[in-house]
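A short write-up of the structure that comes next.
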Amino acid sequence: MSRAKQLYDWFDTRLDVENGQTFLGKAFPAEDSFLLGEVALFCFLLLVLSGIFLGFFFEPSTSDVEYDGSVQKFQGEEMPEAFVSVLHITYDVPFGMFIRRLHHWAAHLFVASIGLHMLRVFFTGAYRNPREPNWIVGTGLAALAMGAAYTGYALPFDEFAATATSIGYNLTISVPLVGDFFGQVIFGGEFPSSATIPRLYFLHVLVIPMLIAGGLALHMAILVRQKHTEAPRDDDLTAGGREVDKDDDSVIVGLPAFPNQAAVSAVVFFFTAATLSALAGLLPVHNIAHYGPNDPASTPGLIMPDWFLMWVYGFLKLLPKWASFTVGPVHVSGEFIGGVVLPGLVFAAVAVWPFIDRTPEPTHFTADPLSRPWQTGVGVAAVAFVMIASIAGMNNILADKVLGTTTGVVNPILQAALLLVPPLVGGLTYLLLRNGDDESQTDEQEIAADGDAAADATGGESDD
Ligand code: HEM
(Lines give C-alpha, C1' and ligand atoms only; values in the text may rest on other atoms or scores of the structure.)
Protein backbone atom coordinates (compact mmCIF):
# COMPACT_ATOMS: atom_id res chain seq x y z
CA MET A 1 0.00 0.00 0.00
CA SER A 2 1.42 3.39 -1.01
CA ARG A 3 2.13 6.04 1.62
CA ALA A 4 -0.49 8.31 0.10
CA LYS A 5 -3.12 5.57 0.33
CA GLN A 6 -2.08 4.85 3.94
CA LEU A 7 -2.45 8.54 4.80
CA TYR A 8 -5.84 8.63 3.07
CA ASP A 9 -7.02 5.56 5.00
CA TRP A 10 -5.78 7.10 8.27
CA PHE A 11 -7.94 10.15 7.70
CA ASP A 12 -10.81 8.11 6.24
CA THR A 13 -11.14 5.95 9.35
CA ARG A 14 -11.29 9.08 11.51
CA LEU A 15 -13.15 11.60 9.37
CA ASP A 16 -15.18 9.45 6.94
CA VAL A 17 -13.52 11.18 3.99
CA GLU A 18 -15.27 8.79 1.60
CA ASN A 19 -18.65 10.29 2.48
CA GLY A 20 -17.12 13.76 2.38
CA GLN A 21 -16.09 13.07 -1.20
CA THR A 22 -19.68 12.33 -2.09
CA PHE A 23 -20.55 15.72 -0.61
CA LEU A 24 -17.65 17.45 -2.34
CA GLY A 25 -18.80 16.00 -5.65
CA LYS A 26 -22.16 17.81 -5.32
CA ALA A 27 -23.18 19.69 -8.42
CA PHE A 28 -23.42 23.47 -8.58
CA PRO A 29 -25.12 24.71 -11.75
CA ALA A 30 -22.89 27.18 -13.60
CA GLU A 31 -25.24 30.20 -13.60
CA ASP A 32 -23.80 33.66 -12.94
CA SER A 33 -26.84 34.87 -11.00
CA PHE A 34 -26.39 31.94 -8.57
CA LEU A 35 -23.21 33.66 -7.39
CA LEU A 36 -25.13 36.52 -5.71
CA GLY A 37 -25.71 34.37 -2.63
CA GLU A 38 -21.97 33.74 -2.51
CA VAL A 39 -21.25 37.47 -2.66
CA ALA A 40 -23.52 37.88 0.39
CA LEU A 41 -21.73 35.01 2.12
CA PHE A 42 -18.29 36.51 1.52
CA CYS A 43 -19.47 39.97 2.61
CA PHE A 44 -20.50 38.39 5.90
CA LEU A 45 -17.07 36.80 6.26
CA LEU A 46 -15.35 40.13 5.54
CA LEU A 47 -17.69 41.90 7.95
CA VAL A 48 -16.71 39.50 10.72
CA LEU A 49 -12.98 39.84 9.98
CA SER A 50 -13.00 43.64 9.72
CA GLY A 51 -15.35 43.81 12.73
CA ILE A 52 -12.84 41.87 14.85
CA PHE A 53 -10.19 44.46 13.97
CA LEU A 54 -12.51 47.35 14.89
CA GLY A 55 -13.51 45.58 18.13
CA PHE A 56 -9.96 45.89 19.42
CA PHE A 57 -10.18 49.69 19.38
CA PHE A 58 -13.86 50.58 19.82
CA GLU A 59 -15.07 51.58 23.32
CA PRO A 60 -18.78 50.90 23.85
CA SER A 61 -19.27 53.68 26.38
CA THR A 62 -20.92 57.10 26.40
CA SER A 63 -18.93 58.41 29.40
CA ASP A 64 -17.13 61.63 28.55
CA VAL A 65 -13.36 61.49 28.09
CA GLU A 66 -10.91 64.16 27.00
CA TYR A 67 -9.99 63.93 23.33
CA ASP A 68 -6.30 63.78 22.53
CA GLY A 69 -5.78 62.80 18.89
CA SER A 70 -5.14 64.04 15.37
CA VAL A 71 -8.35 66.03 14.79
CA GLN A 72 -7.37 69.55 15.84
CA LYS A 73 -10.86 70.97 16.27
CA PHE A 74 -11.71 68.47 19.06
CA GLN A 75 -8.37 68.78 20.90
CA GLY A 76 -8.87 68.76 24.69
CA GLU A 77 -12.70 68.53 24.38
CA GLU A 78 -14.73 66.22 26.64
CA MET A 79 -16.66 63.83 24.40
CA PRO A 80 -18.38 60.39 24.61
CA GLU A 81 -15.80 57.62 24.65
CA ALA A 82 -17.49 55.70 21.80
CA PHE A 83 -17.19 58.75 19.54
CA VAL A 84 -13.59 59.38 20.60
CA SER A 85 -12.63 55.75 19.93
CA VAL A 86 -14.05 55.88 16.38
CA LEU A 87 -12.12 59.13 15.75
CA HIS A 88 -9.06 57.30 17.05
CA ILE A 89 -9.69 54.31 14.70
CA THR A 90 -10.21 56.66 11.77
CA TYR A 91 -7.27 59.00 12.21
CA ASP A 92 -4.68 57.38 14.49
CA VAL A 93 -4.83 53.56 14.26
CA PRO A 94 -2.69 52.20 11.37
CA PHE A 95 -5.06 50.96 8.61
CA GLY A 96 -7.95 52.02 10.88
CA MET A 97 -9.61 54.28 8.33
CA PHE A 98 -9.28 51.62 5.61
CA ILE A 99 -10.75 48.84 7.76
CA ARG A 100 -13.56 51.08 9.00
CA ARG A 101 -14.45 51.94 5.41
CA LEU A 102 -14.15 48.29 4.35
CA HIS A 103 -16.55 47.29 7.15
CA HIS A 104 -18.96 50.03 6.08
CA TRP A 105 -18.96 49.10 2.38
CA ALA A 106 -19.13 45.37 3.17
CA ALA A 107 -22.29 46.07 5.23
CA HIS A 108 -23.86 47.91 2.30
CA LEU A 109 -22.87 45.25 -0.23
CA PHE A 110 -24.09 42.56 2.16
CA VAL A 111 -27.60 44.02 2.28
CA ALA A 112 -27.59 44.88 -1.45
CA SER A 113 -26.46 41.39 -2.50
CA ILE A 114 -29.05 39.80 -0.20
CA GLY A 115 -31.72 41.94 -1.86
CA LEU A 116 -30.56 40.97 -5.36
CA HIS A 117 -30.19 37.30 -4.38
CA MET A 118 -33.73 37.36 -3.05
CA LEU A 119 -35.00 38.91 -6.29
CA ARG A 120 -33.16 36.25 -8.29
CA VAL A 121 -34.76 33.49 -6.22
CA PHE A 122 -38.16 35.19 -6.52
CA PHE A 123 -38.18 35.85 -10.26
CA THR A 124 -36.85 32.39 -11.17
CA GLY A 125 -39.35 30.71 -8.85
CA ALA A 126 -36.55 28.99 -6.90
CA TYR A 127 -38.65 29.32 -3.71
CA ARG A 128 -41.14 26.73 -4.91
CA ASN A 129 -41.66 23.26 -3.44
CA PRO A 130 -39.44 21.89 -1.82
CA ARG A 131 -37.45 25.11 -1.15
CA GLU A 132 -40.07 26.99 0.89
CA PRO A 133 -38.19 26.39 4.18
CA ASN A 134 -35.03 27.95 2.76
CA TRP A 135 -36.98 30.95 1.52
CA ILE A 136 -38.31 31.46 5.07
CA VAL A 137 -34.83 31.10 6.60
CA GLY A 138 -33.62 33.60 3.97
CA THR A 139 -36.33 36.11 4.92
CA GLY A 140 -35.11 35.91 8.53
CA LEU A 141 -31.53 36.45 7.35
CA ALA A 142 -32.56 39.56 5.41
CA ALA A 143 -34.20 41.02 8.54
CA LEU A 144 -31.15 40.15 10.65
CA ALA A 145 -28.79 41.77 8.12
CA MET A 146 -30.76 45.00 8.39
CA GLY A 147 -30.70 44.73 12.18
CA ALA A 148 -26.92 44.28 12.12
CA ALA A 149 -26.46 47.34 9.93
CA TYR A 150 -28.86 49.43 12.03
CA THR A 151 -27.13 48.63 15.32
CA GLY A 152 -23.72 49.32 13.75
CA TYR A 153 -24.85 52.69 12.39
CA ALA A 154 -25.48 53.89 15.96
CA LEU A 155 -22.16 52.87 17.49
CA PRO A 156 -19.94 55.93 16.68
CA PHE A 157 -22.53 57.96 18.64
CA ASP A 158 -22.11 60.98 16.41
CA GLU A 159 -24.80 63.61 16.06
CA PHE A 160 -26.20 62.40 12.72
CA ALA A 161 -26.33 58.65 13.39
CA ALA A 162 -27.48 58.97 16.98
CA THR A 163 -30.44 61.09 15.91
CA ALA A 164 -31.36 58.59 13.20
CA THR A 165 -31.01 55.77 15.74
CA SER A 166 -33.44 57.56 18.02
CA ILE A 167 -36.13 56.92 15.38
CA GLY A 168 -35.63 53.20 16.04
CA TYR A 169 -36.07 53.81 19.76
CA ASN A 170 -39.30 55.74 19.18
CA LEU A 171 -40.62 52.91 17.01
CA THR A 172 -39.70 50.34 19.64
CA ILE A 173 -41.51 52.13 22.46
CA SER A 174 -44.49 52.78 20.17
CA VAL A 175 -45.49 49.09 20.36
CA PRO A 176 -48.64 49.05 22.48
CA LEU A 177 -48.34 47.49 25.95
CA VAL A 178 -44.84 45.98 25.57
CA GLY A 179 -43.02 48.91 23.90
CA ASP A 180 -41.45 50.30 27.06
CA PHE A 181 -40.21 46.88 28.05
CA PHE A 182 -38.54 46.39 24.63
CA GLY A 183 -37.11 49.91 24.87
CA GLN A 184 -35.51 48.91 28.17
CA VAL A 185 -34.15 45.65 26.80
CA ILE A 186 -32.82 46.89 23.45
CA PHE A 187 -31.83 50.47 24.23
CA GLY A 188 -31.32 50.29 27.99
CA GLY A 189 -34.07 52.83 28.67
CA GLU A 190 -34.86 56.25 27.31
CA PHE A 191 -32.67 57.04 24.32
CA PRO A 192 -29.83 57.88 24.63
CA SER A 193 -29.10 56.47 28.06
CA SER A 194 -25.64 55.40 29.23
CA ALA A 195 -26.73 51.80 28.59
CA THR A 196 -27.76 52.41 24.96
CA ILE A 197 -24.38 51.99 23.27
CA PRO A 198 -23.34 48.93 25.35
CA ARG A 199 -26.71 47.28 24.53
CA LEU A 200 -26.51 48.03 20.81
CA TYR A 201 -22.86 46.93 20.79
CA PHE A 202 -23.76 43.62 22.41
CA LEU A 203 -26.49 43.08 19.81
CA HIS A 204 -24.19 44.19 16.97
CA VAL A 205 -21.11 42.11 17.74
CA LEU A 206 -22.57 39.05 19.39
CA VAL A 207 -26.30 38.39 19.29
CA ILE A 208 -27.07 39.32 15.67
CA PRO A 209 -23.87 37.87 14.10
CA MET A 210 -24.43 34.60 15.97
CA LEU A 211 -28.02 34.46 14.75
CA ILE A 212 -26.85 35.22 11.19
CA ALA A 213 -24.14 32.54 11.43
CA GLY A 214 -26.71 30.01 12.72
CA GLY A 215 -29.21 31.03 10.03
CA LEU A 216 -26.54 30.74 7.34
CA ALA A 217 -25.51 27.28 8.53
CA LEU A 218 -29.15 26.21 8.26
CA HIS A 219 -29.54 27.94 4.87
CA MET A 220 -26.51 26.11 3.47
CA ALA A 221 -27.46 22.77 5.07
CA ILE A 222 -30.93 22.93 3.48
CA LEU A 223 -29.36 23.96 0.14
CA VAL A 224 -26.99 20.98 0.17
CA ARG A 225 -29.71 18.59 1.32
CA GLN A 226 -32.21 19.68 -1.33
CA LYS A 227 -29.83 20.29 -4.25
CA HIS A 228 -29.62 23.56 -6.10
CA THR A 229 -32.14 24.48 -8.79
CA GLU A 230 -30.96 24.35 -12.38
CA ALA A 231 -31.95 26.27 -15.50
CA PRO A 232 -34.02 24.17 -17.94
CA ARG A 233 -31.77 22.23 -20.35
CA ASP A 234 -31.87 22.66 -24.10
CA ASP A 235 -31.01 19.03 -24.86
CA ASP A 236 -30.20 15.68 -23.32
CA LEU A 237 -26.58 15.63 -22.22
CA THR A 238 -23.81 13.55 -20.73
CA ALA A 239 -22.62 14.65 -17.30
CA GLY A 240 -20.36 12.88 -14.82
CA GLY A 241 -20.15 9.92 -17.21
CA ARG A 242 -23.93 9.38 -17.36
CA GLU A 243 -26.64 10.22 -19.82
CA VAL A 244 -29.01 12.84 -18.47
CA ASP A 245 -32.41 13.33 -20.02
CA LYS A 246 -33.27 16.96 -20.74
CA ASP A 247 -36.42 16.75 -18.56
CA ASP A 248 -35.02 14.64 -15.72
CA ASP A 249 -34.94 17.03 -12.76
CA SER A 250 -34.00 14.29 -10.29
CA VAL A 251 -30.42 14.97 -11.44
CA ILE A 252 -28.78 18.37 -11.19
CA VAL A 253 -26.05 19.08 -13.71
CA GLY A 254 -23.28 21.45 -12.71
CA LEU A 255 -19.73 21.84 -11.49
CA PRO A 256 -18.58 19.50 -8.70
CA ALA A 257 -18.29 21.40 -5.39
CA PHE A 258 -14.62 20.48 -5.25
CA PRO A 259 -12.40 21.47 -6.96
CA ASN A 260 -14.34 23.28 -9.75
CA GLN A 261 -17.00 25.22 -7.82
CA ALA A 262 -14.48 25.90 -5.04
CA ALA A 263 -12.25 27.59 -7.65
CA VAL A 264 -15.17 29.69 -8.92
CA SER A 265 -16.05 30.61 -5.32
CA ALA A 266 -12.43 31.62 -4.67
CA VAL A 267 -12.65 33.99 -7.64
CA VAL A 268 -15.95 35.39 -6.28
CA PHE A 269 -14.34 35.86 -2.88
CA PHE A 270 -11.31 37.72 -4.24
CA PHE A 271 -13.51 39.75 -6.56
CA THR A 272 -15.74 40.76 -3.63
CA ALA A 273 -12.71 41.56 -1.44
CA ALA A 274 -11.09 43.55 -4.27
CA THR A 275 -14.27 45.54 -4.97
CA LEU A 276 -14.68 46.37 -1.29
CA SER A 277 -10.99 47.29 -0.98
CA ALA A 278 -11.30 49.61 -3.96
CA LEU A 279 -14.40 51.22 -2.45
CA ALA A 280 -12.68 51.51 0.94
CA GLY A 281 -9.60 53.05 -0.65
CA LEU A 282 -11.47 55.52 -2.81
CA LEU A 283 -14.74 56.47 -1.14
CA PRO A 284 -15.01 58.06 2.30
CA VAL A 285 -17.76 56.93 4.68
CA HIS A 286 -19.91 58.62 7.32
CA ASN A 287 -17.64 61.53 8.32
CA ILE A 288 -18.08 61.62 12.08
CA ALA A 289 -15.48 64.39 12.54
CA HIS A 290 -17.78 66.59 10.45
CA TYR A 291 -20.98 65.70 12.36
CA GLY A 292 -19.44 65.91 15.84
CA PRO A 293 -20.51 63.91 18.91
CA ASN A 294 -24.15 63.33 19.80
CA ASP A 295 -25.67 66.40 21.41
CA PRO A 296 -29.00 65.55 23.08
CA ALA A 297 -29.87 69.27 23.17
CA SER A 298 -29.88 69.71 19.39
CA THR A 299 -31.41 67.98 16.35
CA PRO A 300 -29.56 68.05 13.02
CA GLY A 301 -31.50 69.57 10.13
CA LEU A 302 -31.30 66.43 8.04
CA ILE A 303 -31.97 63.03 9.59
CA MET A 304 -31.76 59.97 7.41
CA PRO A 305 -31.51 56.24 7.96
CA ASP A 306 -29.37 54.06 5.68
CA TRP A 307 -30.80 53.53 2.17
CA PHE A 308 -32.10 50.04 2.91
CA LEU A 309 -34.29 51.35 5.76
CA MET A 310 -35.47 54.33 3.76
CA TRP A 311 -38.71 52.56 2.75
CA VAL A 312 -39.66 52.21 6.43
CA TYR A 313 -38.88 55.90 6.94
CA GLY A 314 -41.07 56.59 3.90
CA PHE A 315 -44.05 54.85 5.54
CA LEU A 316 -43.54 57.03 8.60
CA LYS A 317 -43.49 60.18 6.52
CA LEU A 318 -46.53 59.34 4.41
CA LEU A 319 -48.82 57.98 7.08
CA PRO A 320 -51.65 60.50 7.57
CA LYS A 321 -52.14 62.05 11.00
CA TRP A 322 -55.54 60.40 11.48
CA ALA A 323 -53.92 56.96 11.31
CA SER A 324 -53.42 56.86 15.05
CA PHE A 325 -56.14 56.03 17.56
CA THR A 326 -56.78 54.96 21.11
CA VAL A 327 -58.84 51.96 22.17
CA GLY A 328 -59.40 51.96 25.92
CA PRO A 329 -55.99 52.07 27.58
CA VAL A 330 -54.15 51.14 24.35
CA HIS A 331 -52.78 53.90 22.14
CA VAL A 332 -51.95 52.85 18.57
CA SER A 333 -49.67 55.54 17.18
CA GLY A 334 -48.82 56.41 13.59
CA GLU A 335 -45.22 55.46 14.40
CA PHE A 336 -46.35 51.98 15.37
CA ILE A 337 -48.42 51.52 12.22
CA GLY A 338 -45.88 53.03 9.80
CA GLY A 339 -42.68 51.81 11.42
CA VAL A 340 -43.67 48.45 12.87
CA VAL A 341 -46.97 47.14 11.46
CA LEU A 342 -46.44 47.98 7.76
CA PRO A 343 -42.80 46.76 7.57
CA GLY A 344 -43.89 43.69 9.57
CA LEU A 345 -46.63 43.03 7.01
CA VAL A 346 -44.12 43.41 4.16
CA PHE A 347 -41.81 40.82 5.76
CA ALA A 348 -44.76 38.55 6.56
CA ALA A 349 -45.96 38.79 2.94
CA VAL A 350 -42.46 37.86 1.74
CA ALA A 351 -42.26 34.92 4.15
CA VAL A 352 -45.63 33.43 3.16
CA TRP A 353 -45.18 34.05 -0.58
CA PRO A 354 -44.26 30.40 -1.44
CA PHE A 355 -47.60 29.39 0.10
CA ILE A 356 -49.48 31.92 -2.02
CA ASP A 357 -47.75 30.74 -5.21
CA ARG A 358 -48.14 27.11 -4.15
CA THR A 359 -46.57 24.29 -6.14
CA PRO A 360 -47.90 20.84 -5.25
CA GLU A 361 -45.08 18.93 -6.99
CA PRO A 362 -41.35 19.38 -6.26
CA THR A 363 -39.82 21.60 -8.93
CA HIS A 364 -36.08 21.59 -9.52
CA PHE A 365 -35.78 23.62 -12.70
CA THR A 366 -35.83 27.40 -12.48
CA ALA A 367 -38.64 29.24 -14.23
CA ASP A 368 -38.38 31.92 -16.90
CA PRO A 369 -39.82 35.12 -15.35
CA LEU A 370 -41.24 36.03 -18.75
CA SER A 371 -43.44 32.95 -18.72
CA ARG A 372 -44.91 33.64 -15.24
CA PRO A 373 -47.15 36.67 -15.81
CA TRP A 374 -48.83 37.04 -12.44
CA GLN A 375 -45.83 36.12 -10.29
CA THR A 376 -43.56 38.48 -12.21
CA GLY A 377 -46.28 41.14 -12.08
CA VAL A 378 -46.44 40.84 -8.28
CA GLY A 379 -42.63 41.04 -8.10
CA VAL A 380 -42.50 44.17 -10.26
CA ALA A 381 -45.29 45.75 -8.16
CA ALA A 382 -43.40 44.93 -4.95
CA VAL A 383 -40.16 46.47 -6.26
CA ALA A 384 -42.08 49.62 -7.32
CA PHE A 385 -43.74 49.78 -3.88
CA VAL A 386 -40.43 49.64 -2.00
CA MET A 387 -38.83 52.15 -4.37
CA ILE A 388 -41.64 54.69 -4.01
CA ALA A 389 -41.67 54.25 -0.23
CA SER A 390 -37.88 54.85 -0.27
CA ILE A 391 -38.30 58.03 -2.33
CA ALA A 392 -40.92 59.12 0.23
CA GLY A 393 -38.28 58.63 2.93
CA MET A 394 -36.35 61.43 1.20
CA ASN A 395 -39.44 63.63 0.65
CA ASN A 396 -37.74 66.70 2.14
CA ILE A 397 -34.79 66.45 -0.29
CA LEU A 398 -37.16 65.78 -3.19
CA ALA A 399 -39.31 68.78 -2.26
CA ASP A 400 -36.58 71.20 -1.35
CA LYS A 401 -33.60 70.36 -3.57
CA VAL A 402 -35.24 68.76 -6.63
CA LEU A 403 -38.67 70.34 -7.03
CA GLY A 404 -38.17 73.59 -5.11
CA THR A 405 -41.41 73.20 -3.16
CA THR A 406 -42.58 71.94 0.24
CA THR A 407 -43.24 68.48 1.62
CA GLY A 408 -46.89 69.51 2.00
CA VAL A 409 -47.06 69.57 -1.81
CA VAL A 410 -45.13 66.36 -2.57
CA ASN A 411 -46.59 64.15 0.17
CA PRO A 412 -50.09 63.74 -1.34
CA ILE A 413 -48.45 62.95 -4.71
CA LEU A 414 -46.21 60.35 -3.08
CA GLN A 415 -49.16 58.87 -1.18
CA ALA A 416 -51.11 58.50 -4.42
CA ALA A 417 -48.05 57.08 -6.19
CA LEU A 418 -47.50 54.52 -3.41
CA LEU A 419 -51.05 53.27 -3.73
CA LEU A 420 -51.49 53.48 -7.50
CA VAL A 421 -48.14 52.92 -9.24
CA PRO A 422 -47.42 49.37 -7.90
CA PRO A 423 -50.77 47.88 -9.05
CA LEU A 424 -50.42 49.80 -12.32
CA VAL A 425 -46.92 48.56 -13.23
CA GLY A 426 -47.71 45.10 -11.84
CA GLY A 427 -50.90 44.90 -13.91
CA LEU A 428 -49.14 46.17 -17.01
CA THR A 429 -46.38 43.57 -16.59
CA TYR A 430 -49.03 40.89 -16.19
CA LEU A 431 -50.87 41.93 -19.35
CA LEU A 432 -47.68 42.22 -21.41
CA LEU A 433 -46.42 38.82 -20.35
CA ARG A 434 -49.80 37.15 -20.67
CA ASN A 435 -50.23 38.40 -24.22
CA GLY A 436 -46.66 37.33 -25.01
CA ASP A 437 -47.43 33.94 -23.52
CA ASP A 438 -50.66 33.59 -25.52
CA GLU A 439 -48.77 34.43 -28.73
CA SER A 440 -45.97 31.96 -28.04
CA GLN A 441 -48.55 29.30 -27.14
CA THR A 442 -50.33 29.91 -30.44
CA ASP A 443 -46.97 29.56 -32.22
CA GLU A 444 -46.30 26.31 -30.37
CA GLN A 445 -49.73 24.96 -31.27
CA GLU A 446 -49.08 25.79 -34.92
CA ILE A 447 -45.76 23.97 -34.86
CA ALA A 448 -47.36 21.01 -33.08
CA ALA A 449 -50.16 20.96 -35.65
CA ASP A 450 -47.63 21.00 -38.50
CA GLY A 451 -45.74 18.16 -36.82
CA ASP A 452 -48.93 16.13 -36.40
CA ALA A 453 -49.78 16.68 -40.02
CA ALA A 454 -46.34 15.45 -41.08
CA ALA A 455 -46.65 12.37 -38.85
CA ASP A 456 -50.07 11.63 -40.24
CA ALA A 457 -48.81 11.93 -43.79
CA THR A 458 -45.89 9.59 -43.09
CA GLY A 459 -48.29 7.15 -41.44
CA GLY A 460 -50.50 7.30 -44.54
CA GLU A 461 -47.56 6.56 -46.83
CA SER A 462 -46.41 3.50 -44.88
CA ASP A 463 -49.98 2.15 -44.83
CA ASP A 464 -49.99 2.23 -48.61
C1 HEM B 1 -27.29 36.39 4.75
C2 HEM B 1 -28.02 36.32 3.66
C3 HEM B 1 -27.96 35.22 2.64
C4 HEM B 1 -26.88 34.50 2.20
C5 HEM B 1 -25.43 34.68 2.60
C6 HEM B 1 -27.37 33.52 1.25
C7 HEM B 1 -26.58 32.61 0.57
C8 HEM B 1 -27.05 31.70 -0.37
C9 HEM B 1 -26.23 30.91 -1.24
C10 HEM B 1 -24.68 30.95 -1.29
C11 HEM B 1 -27.04 30.14 -2.00
C12 HEM B 1 -26.62 29.19 -3.13
C13 HEM B 1 -26.25 30.00 -4.35
C14 HEM B 1 -27.37 30.85 -4.89
O15 HEM B 1 -28.42 30.32 -5.29
O16 HEM B 1 -27.20 32.09 -4.88
C17 HEM B 1 -28.41 30.41 -1.59
C18 HEM B 1 -29.55 29.80 -2.10
C19 HEM B 1 -30.84 30.13 -1.74
N20 HEM B 1 -31.25 31.22 -0.99
FE21 HEM B 1 -30.01 32.44 0.05
N22 HEM B 1 -28.74 33.66 1.13
C23 HEM B 1 -29.13 34.70 1.95
C24 HEM B 1 -30.41 35.23 2.06
C25 HEM B 1 -31.52 34.74 1.39
C26 HEM B 1 -32.80 35.39 1.32
C27 HEM B 1 -33.10 36.78 1.89
C28 HEM B 1 -33.65 34.54 0.64
C29 HEM B 1 -35.09 34.74 0.30
C30 HEM B 1 -35.96 35.34 1.07
C31 HEM B 1 -32.89 33.37 0.26
C32 HEM B 1 -33.39 32.25 -0.36
C33 HEM B 1 -32.62 31.25 -0.94
C34 HEM B 1 -33.14 30.08 -1.63
C35 HEM B 1 -34.64 29.70 -1.80
C36 HEM B 1 -32.04 29.37 -2.13
C37 HEM B 1 -32.06 28.11 -3.00
C38 HEM B 1 -32.03 28.62 -4.42
C39 HEM B 1 -31.89 27.56 -5.48
O40 HEM B 1 -31.79 26.37 -5.18
O41 HEM B 1 -31.91 27.99 -6.65
N42 HEM B 1 -31.60 33.53 0.70
N43 HEM B 1 -28.38 31.38 -0.61
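The values are calculated or read from the model by the stated rules, or taken from the named source; none is laboratory data. All figures in this text were calculated on a predicted structure; none of them were measured in a lab. We place every Cβ from the backbone using ideal geometry, glycine too, and count neighbours over all the protein chains shown.
Quick notes
- Among the residues of the stretch 58-82, those that are within 15 Å of residue 293 (Cβ to Cβ) and part of a helix (DSSP H, G or I) comprise 73, 74, 81, 82.
- Only one of 92, 64 that is more than 16 Å from the ligand (Cβ to nearest atom), within 20 Å of residue 283 (Cα to Cα) and among the acidic types (Asp, Glu): 92
- The stretch 16-59: number of residues that are among the acidic types (Asp, Glu) and within 9 Å of the ligand (Cβ to nearest atom): 2
- Identity of the residue in the stretch 98-116, within 23 Å of residue 223 (Cα to Cα) and not hydroxyl-bearing (Ser, Thr, Tyr), that ends up nearest to the ligand (Cβ to nearest atom): 114
- Condition met for residue 85 (of a type in the set (Gly, Ala, Ser) and either touching a His at 6+ places or on another chain (Cβ under 6 Å) or assigned to a loop (DSSP other than H, G, I, E, B) (or both)): no
- Enumeration of residues in the stretch 32-89 that are of a type in the set (D, E, K, R) and either surrounded by 16 or more Cβ atoms within 10 Å (Cβ to Cβ) or touching a residue at least 24 places away in the same chain (Cβ under 8 Å) (or both): 38, 59, 73, 81
- Checked against the criterion of being within 16 Å of the ligand (Cβ to nearest atom) and either free of Cβ contacts under 8 Å to residues at least 60 places away in the same chain or closer than 30 Å to residue 248 by Cα (or both), the candidates 346, 341 yield just one match: 346.
- Applying the condition of being among the aliphatic types (A, V, I, L, M) and within 11 Å of the ligand (Cβ to nearest atom) to the stretch 222-247 and asking which residue is farthest from residue 51 (Cα to Cα) yields 231.
- Taking the stretch 117-221 and the helices (runs of 4 or more DSSP H) fully enclosed by it, the elements with 3 or more residues that are within 16 Å of the ligand (Cβ to nearest atom) are at 132-154.
- Residue in the stretch 379-391 that is hydrophobic (A, V, I, L, M, F, W, C) and either in contact with an Asp or Glu (Cβ under 9 Å, 6 or more places away or on another chain) or over 30 Å from residue 436 (Cβ atoms) (or both) present: no
- Selection from the stretch 292-341 of residues that are of a type in the set (Phe, Trp, Tyr) and farther than 17 Å from residue 392 by Cβ: 322, 325, 336
- Pairs with Cβ under 6 Å, 6+ apart, first in the stretch 257-268 and under 23 Å from residue 19 (Cα atoms), second at pLDDT below 95 and part of a helix (DSSP H, G or I): 257/24; 258/24
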